[in-house]
Amino acid sequence: MCYSIPGKVIAVKAGRAIIDYFGEKREAHTDTEGVEVGDFVLAQGGVVVETVPDGAAGEILSSWQETFERLKARDLELSNVKPPKEGVSEDIAAIMERVLEGETLTKDEMLRVLQTENSSDTQLVTFTANLIRSKEQGNSACVHGIIEFSNNCSLDCAYCGIGKSNIDLTRYRLSTEEIIKSAEQAVKTKGFKALVLQSGEDAYYTTDKLKEIIASIKKRVKVMIALSIGDRGIDDYKALYEAGARGALMRFETSNEGLYSALHSSPLKERLDTINALKDMGYLVMTGSLFGLPGQSDEDIVDDMLLTKEIAPEMFSSGPFIPHPSTELGKSGMEALTLNKALRILALTRLIDKKGSILITTAFEKLFGVEGTRRALLSGGNSMMVNLTPYPYSALYSIYPGKGSASELGKRIEFVITLLMELGRSPSEISVRGAE
Ligand code: SAH
């Protein structure tokens, strides 16, 4: 269950509302008709999803205030537990000092932080990132739901287990009604306010079909819909925006052009052009890359982070690569990313974008388990995803191995909410970008 906490609009300017939550300011995109200063609104994923009548908002706020204060205190307590100074490299300590003073990391410094193999350094770096997250973004945590509606794919990306040449995979497509129902249920019974609709590159879902799905969901429930459907024409994306889609999850996968073309059989520029066009259209973009790909250097990883920052997405959605045995890359055998390195990547992302929303991907959770996820939340991460794809389809959406199980959903929601609250995070819709 996700919680719905209304905030009060204190300013509206150029399609953006500044919203106050118990004294904290957040900024969200608004195209909802008639959002005015003084209104109470629910915002999620960077978008004002609905307005709430004053009376109802007052009731929710007074019942939530005590919990909110308790969570905030817990977050402050945890984020101020300094790691021991012993064993920390002098230059890393100096770099972290400068970041805390507001200085921007150079590329060389980022590389140094990424490459340190000293665990005391990692502790200091992740502590600094968490402290900055707490100061700049507060304890808000964003929880999106994801519905993977088709594992059919016309592409053959070398990293991905649902590529068309995986002939062992049972393919599925959710019907229009199944997708709409899943979304409706997620909102009505679980309280989700932001949903990602994801699929392989599947032309079966024509733009008209997708428009119908989006419009029907929006008619039934108030929710932010984000699409993760890959390369489609600009006009298609325009039409889908008009039908009500507001978010787009599209990673550029790697900033290394040679590596991208080798993995994806198309030029990186095309993907980046699409991502930028989506932003220009008004989509709230979630983007990032895969870390730990064969042939990817540490310099590439730093470049990936800088490119993501340059795109200025609503959410950073980079995550580790997990080799899939049915793919070329999975067969090649390779060293997996270590947890400490994955944590330093997350932390560096926070250090270069202090107010960003930073997702801990489901691949990260899969690779590093509960303890890894907990540490990721204490290393700068502040967003999570819950897979809402009905079983057995969730297991068949095997972009990486071991996805989905029959008992997953209820437990998973409880796990995410319990983990977030235990760490003093507020699993509510208030995780829109911190106002400047
Ligand atoms: N067709 C859509 C959605 C693809 S699946 C698109 O291309 O945007 C969503 C993401 O899963 C991909 O962008 C990729 O980064 C990630 N992914 C694919 N295979 C993976 C693997 N083996 N390990 C981790 N993430 C993977």
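The values are calculated or read from the model by the stated rules, or taken from the named source; none is laboratory data. Everything quoted here is computed from the prediction, not taken from an experiment. Quick reminder, even Gly has a Cβ in these numbers, built from the backbone with ideal geometry, and neighbours come from all protein chains shown.
For this structure, a couple of remarks:
- Residues of region 348-397 that turn out to be assigned to a loop (DSSP other than H, G, I, E, B) and on the phi < 0 side of the Ramachandran plot, as a count: 16
- Residues of region 181-201 include none that is surrounded by fewer than 16 Cβ atoms within 10 Å (Cβ to Cβ) and not in a helix (DSSP H, G or I).
- Qualifying residue in region 205-226 (condition: within 13 Å of the ligand (Cβ to nearest atom), modelled with pLDDT of 95 or more and polar (S, T, N, Q)): no
- Residues (within 16 Å of the ligand (Cβ to nearest atom), at pLDDT below 90 and either in contact with a Phe, Trp or Tyr (Cβ under 8 Å, 6 or more places away or on another chain) or over 27 Å from GLY163 (Cβ atoms) (or both)) located in region 377-417: LYS403, GLY404
- Residues (at pLDDT 95 or above, over 23 Å from GLU408 (Cβ atoms) and of a type in the set (S, T, N, Q)) located in region 135-167: SER154
- Condition check for THR274: surrounded by 21 or more Cβ atoms within 10 Å (Cβ to Cβ) and either within 14 Å of the ligand (Cβ to nearest atom) or touching a residue at least 60 places away in the same chain (Cβ under 8 Å) (or both): no
- Filtered residues of region 277-304 (kept if assigned to a helix (DSSP H, G or I) and crowded, with 21+ Cβ neighbours inside 10 Å): LEU278, ILE301, VAL302, ASP304
- Residues in region 213-271 that are free of Cβ contacts under 8 Å to residues at least 40 places away in the same chain, assigned to a loop (DSSP other than H, G, I, E, B), small (Gly, Ala, Ser) and over 29 Å from THR51 (Cα atoms): GLY233, SER266.
- So ASN130, is it away from the ligand (no atom under 16 Å from the Cβ) and either surrounded by fewer than 23 Cβ atoms within 10 Å (Cβ to Cβ) or touching a residue at least 24 places away in the same chain (Cβ under 8 Å) (or both): yes
- Of all residues in region 133-157, those being of a type outside the set (Asp, Glu) and within 12 Å of the ligand (Cβ to nearest atom) number 9.
- Any hit, region 171-188, residues being of a type in the set (Gly, Ala, Ser) and within 12 Å of the ligand (Cβ to nearest atom): no
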